Amino acid sequence: MKKLASTILKTIIFFMSWAILISFTPDIHTNSQAYLRLWWEFTPLVVVVLLSVVFVFIVEKGKITIPVAPRFLKSSLIGMVLGVLWLGSVVTVFLLTKTMNIQGQNSVDYIWIWILASLLNVAMQELLVRGYLYQLWKHKYNVIVATILTTILFTVMHGGAFEAGMIPVINVISMSLFVTLLLEYTGTIVAPIIIHFIWNTIGAIILGGVSLAGDYPNLLINTFQGSLLISGGTYKFEGSIIVSIANLILITSLLVLNKRKRNDNLSGLLK
């Protein structure tokens, strides 16, 4: 009971400290919405990095680590390949079924700043959810408990999905599950950041099929039509059952890969 109370308390203090500290960060004076958005994504990331350092090295005294460096290049490649396959499969179905039609192109100023802002945003989300907090619950209990707790947190952070309906909620939950399985398979948080970045950046800033903060632009002008079950209606990719199916396939594949990895590690220990 003491261990549970301590773990819950650390979780609350970590998350609430992050929320309180970012509320005190000042805005910058600029006429560029792109640079303002970059700042809005930069400050929460800095806060979560600083808090992670404090909790890992001071509170936990190094007993918990956030895996970043191990197999960096291999994990980055896995994240890129899976990210392209994940989003690419969804877009392919949308195009083949004529659910998504490209109508033209917008002029987006400072597009690379918007893309960088997207990267900072997903890095912040992954570090906040699957960084210290995930490793804390995994260390104190196990992977299953850590996955459940952080998936709940991730879903709450995307609370707009509850207003959108059942499929968007399922898509958020299933995304969190397969990204966590990817973290376990690669042994580093790098792959989850990359796959999340590809989904948000190409899906939102390029294609306009994913919802980010309201000021994010989209390069291509697309119309979404047809069955709401496939098109997602006003929620586009995030409200589509196609994403649910893609997520389920990824979850199943990563469960198999993780089981094979555990068996290989066990065989190596027994030799």
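The values are calculated or read from the model by the stated rules, or taken from the named source; none is laboratory data. The structure displayed is predicted, hence computed values, not measured ones. In this analysis, Cβ positions are derived from the backbone assuming ideal geometry, glycine residues included, and neighbour counts consider all displayed protein chains. The protein model used for the area step is the full one, side chains on, heavy atoms only, and it has no ligands, DNA or RNA in it. Shrake-Rupley method; radii C 1.70, N 1.55, O 1.52, S 1.80 Å.
Observations on the structure shown:
- Restricted to the range 47-142, the set of helices (runs of 4 or more DSSP H) holding at least 1 residues that are over 21 Å from residue 157 (Cβ atoms) and touching a strand residue (DSSP E or B) at 6+ places or on another chain (Cβ under 7 Å) comprises 72-96.
- Scanning the range 135-154 for residues that are buried (at least 17 other Cβ atoms within 10 Å of the Cβ) and of a type in the set (S, T, N, Q) yields 135, 147, 150, 151.
- The listed residue being in a helix (DSSP H, G or I), within 30 Å of residue 224 (Cβ to Cβ) and not β-branched (Val, Ile, Thr), out of 38, 4: 38
- All positions within the range 172-199 that are open to solvent by 10 Å² or more (accessible area, probe 1.4 Å) and over 16 Å from residue 149 (Cα atoms): 185, 187, 190, 193, 194, 197, 198, 199
- Hey, residue 213 exposed (fewer than 14 other Cβ atoms within 10 Å of the Cβ) and more than 17 Å from residue 90 (Cβ to Cβ) or not: yes
- Verdict on residue 25 being touching a Ser or Thr at 6+ places or on another chain (Cβ under 8 Å) and surrounded by fewer than 16 Cβ atoms within 10 Å (Cβ to Cβ): yes
- Once the range 119-137 is narrowed to residues that are within 15 Å of residue 176 (Cβ to Cβ) and not hydrophobic (A, V, I, L, M, F, W, C), the residue that is farthest from the chain's Cα centre (by Cα) is 134.
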